[in-house]
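Q: Provided herewith is a single structure, encoded as structure tokens, for subsequent inquiry.
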Amino acid sequence: MTSSGTNPGGLTGTAAWELLLPAASAPARARGRALQAALREAIRSGRLTSGTRMPSSRELAADLGVSRGLVTEAYEQLTAEGYLRSGRGAGTWVGDAVRAARPVAHDLAPRPGGARADFVPGTPDLSLFPRAAWGAAQRAVLADLPHHDLGYPDPRGLPRLRTALAELLARRRGVVADPERIVVVSGVTQATTLLGWALHARGMRAVGVEDPGSPQHGALYAAAGMRTVPLPLDADGLALGPLEASGVRAAVTTPAHQYPTGIAYSARRRTELLAWARSVDGLLLEDDYDGDFRYDRAPVGALQGLDPERVAYTGSVSKSLAPGLRLGWLLVPGFLAEEVVALKRAMDLGNPSLDQALFARFLERGDYDRQLRRCQRAYRERRDTLVAALAEHFPQARVSGIAAGLHAIAELPDRYGPEAAFVQRMADAGVAVRALGDCAHTPADGPGVRLVLGYAHLTPARIRTGVRLMAEALAG
């Protein structure tokens, strides 16, 4: 560039020329727009700072190899927009109206904390995601999807997917699955929020939750204007006496594999809970978050199958495929169906059609069943590895709960307590663990240590190493 004014903190003309060069080489019809866009970006990002004098239109045109008229037009347009300022005989300068710095996109997604061993539960092995089968299904769907399916979908979900889900849930989980009552949702979190809003609209202001239980329930129901009432568990599941005394008419349950204790609700308790729901004209909210993963026997069927009008059933692919897909389902009783569908429509008009069609094909061709079998083999091996490693390094430890799911409860002798001190000692050694007390709404003090150990995301070798590091941290 032959000449250009400079400003302290601004850019030299040469740097500006390099910045604008790609715009100058754009196709002739797009060159003017490209030049204007490049100048705007240079000013927004601070590479051309307020008060920097621009080269004359003749100089800039000569250096960029474009017409003077194109540069003049760009200067006039950006002056009109406030990016540049000019005065008769005083040249063109970068204005002082722009204050925005270059936007930076921050990643708020939860990420591993860099621990040497991470037993925090809740994450499947994302390397097991069936990329090849998923990609093949995606290509087939893109080739065959009718044009009209790219329009706004039924807020409940594509009929094809709801039909495939109904067959899957009836076959694998014993659910009474009417495709007309299935709502495709963005995971169990959205299902929970929809149910909270629907119950609130019917006058309910409180919902019972398992204690200990999922820590997220409180915030989700609070967003719907509902308070949560912690309800204790016993060996059979949600304790009936406290539930009856609480006054609530809705309660959250994880009967197939309670989170986090790992128990399965007994047949007697299931019957008692349904009788309670009928007696109070209430509802049980069943979160079947990992019901497909049972390792010592066939999975126990869903509670919903016993009384579809008193149980709202939710599930997702977050443990079987990947949480990032944001795909789940909600099966609602008839009396709530219209309200939940109306809320889903108001929230987002329905889940993306392409994703729904892809998952429907994945179900129809048996790919999802194959994925479940693959995950079950891997997670069973990892649970067995964890139990064996604990027996080797902590021979007095007791692993409780059924052989299922993606986590196990390990109870260590009292001498390793108190629990908070144990967790901190592990953190100092680079081992991330979660105490069972972190999942309790009403924490109880005690000398022992009970841990919720996630294993699904760890290879057998990493599980063995992690347990060894735990033992070394206590011995050191």
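Q: What do you get when you divide the Cα radius of gyration of the stretch 400-465 by 2.2 N^0.38 Å, with N the number of residues? Before the final figure, lay out each step's value.
A: Details: Rg = 12.4 Å, N = 66, 2.2 N^0.38 = 10.8 Å.
That ratio works out to 1.14.
Q: On a full-extension model of 0.36 nm per residue, what is the gain between residue 201 and residue 465, subtracting their alpha-carbon distance, rounded to one decimal in nm?
A: Taking residue 201 through residue 465 to full extension adds about 89.9 nm, to one decimal.
Q: Non-local amide H neighbours of residue 233 (under 5 Å, H modeled in plane, Pro and chain starts lacking H): which ones?
A: When sequence neighbours closer than 5 places are left aside, the close amide H contacts are 211, 239.
Q: What accessible area per residue comes out for the chain, rounded to a whole number of Å², with a 1.4 Å probe?
A: Working: 21920 Å² over 476 residues.
Here the per-residue accessible area is 46 Å².
Q: Running Debye on the chain with equal point scatterers at the Cα sites and no solvent, what base-10 log of I(q)/I(0) appears at q = 0.09, 0.10, 0.11, 0.12 Å⁻¹?
A: Values, matching the q order: -0.75, -0.83, -0.91, -0.99.
Q: While we're looking at this one, here's another question. Could you work out the mean projected area of the convex hull around the alpha carbons of the stretch 254-296, in square nanometres to one decimal?
A: Approximately 3.4 nm², given one-decimal rounding.
Q: How long are the semi-axes of the equivalent ellipsoid of the stretch 68-192, taking √(5λ) for every eigenvalue λ of the Cα gyration tensor, in whole Å from largest down? Numbers along the way, then the final one.
A: Numbers: eigenvalues 559, 134, 52 Å².
Listed largest to smallest, the semi-axes of the stretch 68-192 are 53, 26, 16 Å.
Q: Magnitude of the Cβ-charge dipole of the stretch 371-476, K/R +1 and D/E -1, about the Cα centre, nearest 20 debye?
A: Values: 14 positive and 10 negative charges, 128 e Å.
About 620 debye.
Q: In the stretch 257-306, what percent of the accessible surface is made up of carbon and sulfur (1.4 Å probe, ligands and nucleic acids excluded)?
A: Roughly 55 percent, rounded to a whole number.
Q: For residue 193, what charge total do you get from the other residues with a beta carbon under 12 Å from its beta carbon, if Lys and Arg give +1 and Asp and Glu give -1? Before the final figure, lay out each step's value.
A: Details: positive: 344; negative: 348.
Local charge sum for residue 193: 0.
Q: Give me the distance in nm between label points sitting 7 Å out from Cα along the Cα-to-Cβ direction at residue 391 and residue 223, one decimal.
A: For the pair residue 391/residue 223, the computed spacing is 4.3 nm.
Q: Now, a different point. Angle between the Cα long axis of helix 460-475 and the longest principal axis of the chain, 0 to 90 degrees, nearest 10?
A: Computed tilt is about 80 degrees.
Q: Only bridges whose two residues both fall in the chain count here: according to DSSP, what percent of them are antiparallel, nearest 5?
A: DSSP beta bridges in the chain are roughly 60 percent antiparallel.
The values are calculated or read from the model by the stated rules, or taken from the named source; none is laboratory data. In this text the structure is predicted, and so the values were computed from the model without any measurement. Reconstructed Cβ throughout: ideal geometry from the backbone, glycine too, with neighbour counts over all protein chains shown. Surface areas here come from the heavy atoms of the whole protein model, side chains and all, with no ligands, DNA or RNA. Shrake-Rupley method; radii C 1.70, N 1.55, O 1.52, S 1.80 Å.
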